[in-house]
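Working notes, beginning with the structure itself.
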Amino acid sequence: MLDKVDLTKTVDEASFDESLTGYKQRMSVLQRTLRDQKTPTIILIEGWNASGITMSTQAIIQSLDPRGFTLHAIDKPTDEEKSRPFLWRFWTRTPPRGRIALFARSWYSRAISEEMQRSAWKKSLEGKIHSINTFERQLTDDGTVIIKIFLHISREEQKSRLEERERNPLTAWLVTPSIWHVHNQYDTSKPVIDDLLGETNTDYAPWTVIEATDRKYAILKVYSTLVKSLEKRVGGGKDGHPKRGKEKEPVRPRKNPVKRSSAPENACTKEDCQQQLNTLQIEMLELHYLLFKRKIPLVIMYEGWDAAGKGGNITRIARYMNPLGYDVIPIAAPDQSEKEHHYLWRFIKNYPRAGHIAIYDRSWYGRVLVERVEGFCSAPEWQRAYQEINEMEEDYFMSSGGGIVKFWLEISKEEQLKRFQQRASDPSKIHKITEEDWRNREKWDQYDEAIDEMLARTSTSIAPWTVVESDDKWYARVKALTTVIDCARTLL
């Protein structure tokens, strides 16, 4: 892509002033339209050192209402960010609906700078490219506009600009030995960057390479790219979403290969289970310290029927663990802020740091369960969620060297009714039963079908489901803790 760019292009002063005024006016109108249409927008500016990233960013900001955008100047990751998966800090910066996120450098700069320092960087960078394309596709599928700009200058032009900065006392501090080192690697880096641009130049998030030798020409083309892309988007349909072709046929449910049973084949007495639990909890404490010492993150995720015993399970797993090293994350209906983002956003925010454990009491699978059955999302949204979830679990949990344990707690309809009645008649437990729980029972068959499809489509070799037979609470607690311990051992 870079070799096809004519770096000699220029613009005269009069044309620049006239065109820029018009572009700024149009950009201001587009920002308001995007806000009204609730369209989240990402604008990222990449390029060589001294190619004009800051200059271009400042030019864009001049036409925007500061109340409607957020600028992210991406530098080296903090210690907190280093302890999370690669894309975590960018997921958490994605804009809510109707706002613009402007990235002065982005996940691309970080991928190159971080990966090229490793011995096997080529293979590692390929993995980053796959994750980036997945990340951008998931956002655009959810309605986000992504505009990607790369400012291109020659090696000679870059050298001239760096020397110019060094001569100016106000900017000399910007030119460090590491900047010159990167400049000296220009010819080596160029084919790598060119391949990266080509591999991530997708239909849903294409690149625009801008000739940046003439600074005024670069600013005009940046504006031209933004205005044309956004005008095309806001005119795509009444709701602001781009026009799409004929809807694909819905994916047919797979037959569930995961066996579901509510009653254990080999139950144990309560006393035996309690004795086993005590031994297992001590072992879990030891493994927890080892995971922390080796900086291995672990996710333990619970789904199951209402009253299946998720709370009791979580209590037994966490009982002896160091509370500074784990978090229990109860998932309720999304609040208004969470609804303004991609549905995975609120879960990714709570990813565990390296060495920590995150226990989710319900999870992202609500997309294909509650939201599907209750009609809180459209059929295309929950149908594509299976792929998005599988990608997320692979890209974010496993690629960071961590592990994930997914539990489905299965109980019979009769056992659920029994537990509901016990809760309703016990003053210490009546808070656990709600009208919504009773309403959900009326849709048992619909949930049953959704559960089967969920297990079939998301039980992968990387992140398999474990069905816990939960008619017997004590057996269920032992099985869950044993499963977590087995997973932790394999990670160490």
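A few comments on the model shown:
- Converting phi to 3J(HN,Hα) with the Karplus coefficients 6.51, -1.76 and 1.60 and the offset θ = phi - 60°, the range 468-476 yields 10, 6, 10, 4, 9, 4, 6, 4, 4 Hz in sequence order, with x at every glycine or proline.
- Overall form of the range 256-322 per C-alpha gyration tensor (a/c, 1.5; a/b vs b/c): oblate
- Its convex hull of Cα atoms gives the chain a direction-averaged projected area, equal to a quarter of the hull surface, of 27.1 nm².
- Across the range 418-432, rounded Karplus estimates of 3J(HN,Hα) from the backbone phi angles (6.51 cos²θ - 1.76 cosθ + 1.60, θ = phi - 60°) give 4, 6, 4, 5, 5, 5, 5, 9, 10, x, 7, 10, 4, 5, 7 Hz, Gly and Pro being marked x.
- 1.4 Å probe accessible area per residue over the range 68-208, in Å²: 47 Å²
- Reachable aspartates and glutamates from residue 473, criterion Cα separation under 12 angstrom, eight or more residues apart if same chain: 410, 415
- All lysines inside 17 Å of residue 443 as judged from Cα atoms, apart from same-chain residues fewer than 8 positions distant: 413
- Across every pair of non-identical alpha carbons in the range 26-178, the mean reciprocal distance, once inverted, gives a Kirkwood radius of 17.2 Å.
- Charge dipole of the range 397-469 about the Cα centre (unit charges at C-beta), most positive-ward option of 461, 431, 444: 431
- Normalised convex hull volume, the range 417-492, alpha-carbon set, Å³ per residue: 128 Å³
- Label-reachable residues, the range 35-67, where backbone N falls under 17 Å from a point 7 Å from residue 232's Cα toward its Cβ: 41-44
- Each residue of the range 9-19 was assigned a 3J(HN,Hα) from its phi angle through the Karplus curve 6.51 cos²θ - 1.76 cosθ + 1.60 (θ = phi - 60°); the sequence is 5, 9, 9, 7, 4, 5, 5, 4, 4, 5, 5 Hz, with glycine and proline shown as x.
- A cut-off of 5 Å between modelled amide H atoms, ignoring neighbours fewer than 5 places along the same chain, links residue 329 with 359, 360, 361.
- The charge dipole of the chain, taken about its Cα centre with unit charges on the Cβ atoms of Lys, Arg (+1), Asp and Glu (-1) only, comes to about 400 debye.
- Estimated FRET transfer efficiency (residue 180, residue 133; beta-carbon r; R0 51 Å; 0.05): 0.95
- Cα convex hull of the range 333-492, projected area averaged across orientations, nm²: 10.7 nm²
- Applying a threshold of 32 Å to the alpha-carbon distances of 4/349; 349/432; 38/406; 339/406 flags 4/349; 38/406 as lying beyond it.
- Compared with the alpha-carbon gap, the fully stretched path from residue 156 to residue 195 is longer by 11.9 nm at 0.36 nm per residue.
- Near residue 209, the amide H atoms lying under 5 Å from its own belong to 150; only residues 5 or more places off or on other chains count, and H is placed 1.01 Å from N.
- For the chain, the mean residue ellipticity at 222 nm estimated from helices alone is -15000 deg cm²/dmol, where every DSSP H run of n ≥ 4 contributes -39500 (n - 2.57) and the total is divided by all residues, rounded to the nearest 500.
- Portion, in percent, of the accessible area of the chain that falls on carbon or sulfur, probe 1.4 Å: 50 percent
- Label point 7 Å beyond Cα of residue 279 along Cβ direction - residues of the range 473-492 with amide nitrogen under 14 Å: 478-479, 482
- Counting only GluC sites (Glu not before Pro) that DSSP places in a loop and that have at most 11 other Cβ atoms within 10 Å, the longest clean stretch of the chain runs over 1-246.
- Residue order by solvent-accessible surface for 273, 487 is 487, 273, largest first, with ligands and nucleic acids left out and a 1.4 Å probe.
The values are calculated or read from the model by the stated rules, or taken from the named source; none is laboratory data. This is a predicted model, so every value here is computed, not measured. Cβ atoms come from the backbone with ideal geometry, glycine included; neighbour counts cover every protein chain shown. Protein only, heavy atoms only, side chains kept; ligands, DNA and RNA dropped before computing areas. Shrake-Rupley method; radii C 1.70, N 1.55, O 1.52, S 1.80 Å.
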